[in-house]
Each structure stands twice: as C-alpha cells, then as structure tokens.
Amino acid sequence: MKIFKSIVIFFIVLSFLNANDFASEYGYAKNYDQGYAKAKELQKPLLVLFVTKTCPWCKKLENQTLSKPSVSTKILENFVPVLLDKDTDIYPQYLSVQVVPTIHFIIPSESKSFQMILGYKSQQTFLKLLEDAKKQFEDRK
C-alpha cells in the first residue's frame, strides 16, 4: 500500500511539472495578468488554455495537438498564449470554465471572450479553429 501511495504522489507531482514545462517550452505565459498585458501591448488576442493537474485530455491536447510545430507556430504568430490551472490559478470571473481542457480567446481591449473551445481537438481540427478565431478577431478590429 505504501508503494502504491508513493507511485500516485510521484505521478501527481510529475503531471504538475509537465504543465509548467509545457508552458515554458512552448512560450505560454503562466499568469493571466502578464499574458493580458502582453496581448494588449502587441494588439493580439489572448489564448487562455485551462487545464488541471490530473486531466488526461489536457495532456493529450498538449502532447498530440498543441506541441505540433504547425499548431505551436500558428499560436505564437497570431495569439498570446497563457496556460492556467483551473483549480489553482487566478483569472477573471467572466471566463467560464466548467470542464477542462477549455480555451478562451479574448479581445484585450474589451476584456471579453469571443470564442471558446471545449475538450480535446485533433491537430487538423485545432488549426481550423485557430484560423476561425484569428478571422473573428480581425473582423472585430
């Protein structure tokens, strides 16, 4: 039983470290206010990814979609990405997060979400959704 508890604790700690590693490796801010300020300065929409430490679909989204060069490049070119833990990080109340992963696209000048993605999406589907969000943002300018 003691070994089982140790293994569970190890994987919980590992999943927490992986989220921080992912954010650092792919250029995601880990603080809403910092990401928001950068988005406002660059006049880009904010992409806020909400995850939890134990969410398998969040890990799948990070590993099989967001980490792919075509997706990560498009995100960094067109958005300011932020990675937040739904349970522990501070973020505005207007961002509704009922399930994870959830992604909100936010217009910094209006402080409001203009598109939301729920759940895991494949690379191809996610690229289309990014294109839609980019177009929606440009149409609002």
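Brief remarks follow.
- Number of the condition not met by residue 71 [criteria: (1) surrounded by fewer than 19 Cβ atoms within 10 Å (Cβ to Cβ); (2) among the β-branched types (Val, Ile, Thr); (3) assigned to a helix (DSSP H, G or I)]: (1)
- Scan of region 99-112 for residues that are at pLDDT 95 or above and not hydrophobic (A, V, I, L, M, F, W, C), ordered by number: 101, 102, 104
- Residue 24 at pLDDT below 95 and of a type in the set (S, T, N, Q): yes
- Scanning region 83-139 for residues that are out of contact with any Lys or Arg (no Cβ under 8 Å at 6 or more places or on another chain), under 18 Å from residue 57 (Cα atoms), part of a helix (DSSP H, G or I) and touching a residue at least 40 places away in the same chain (Cβ under 8 Å) yields a single hit, 126.
- For residue 118, the conditions (1) surrounded by 19 or more Cβ atoms within 10 Å (Cβ to Cβ); (2) over 15 Å from residue 33 (Cα atoms) are fulfilled apart from (1).
- For region 44-65, a residue qualifies if it is in contact with a Ser or Thr (Cβ under 8 Å, 6 or more places away or on another chain), surrounded by fewer than 23 Cβ atoms within 10 Å (Cβ to Cβ) and either assigned to a strand (DSSP E or B) or not β-branched (Val, Ile, Thr) (or both), and the qualifying residues are 53, 59, 64.
- The residues of region 17-40 that are under 12 Å from residue 79 (Cα atoms) and either β-branched (Val, Ile, Thr) or over 10 Å from the mean Cα position of the chain (by Cα) (or both), listed by number, are 27, 35, 36, 38, 39, 40.
The values are calculated or read from the model by the stated rules, or taken from the named source; none is laboratory data. All values reported here derive from a predicted model rather than from experimental measurement. Using ideal geometry, Cβ is built from the backbone for each residue, glycine included, and neighbour counts are taken over all protein chains shown.
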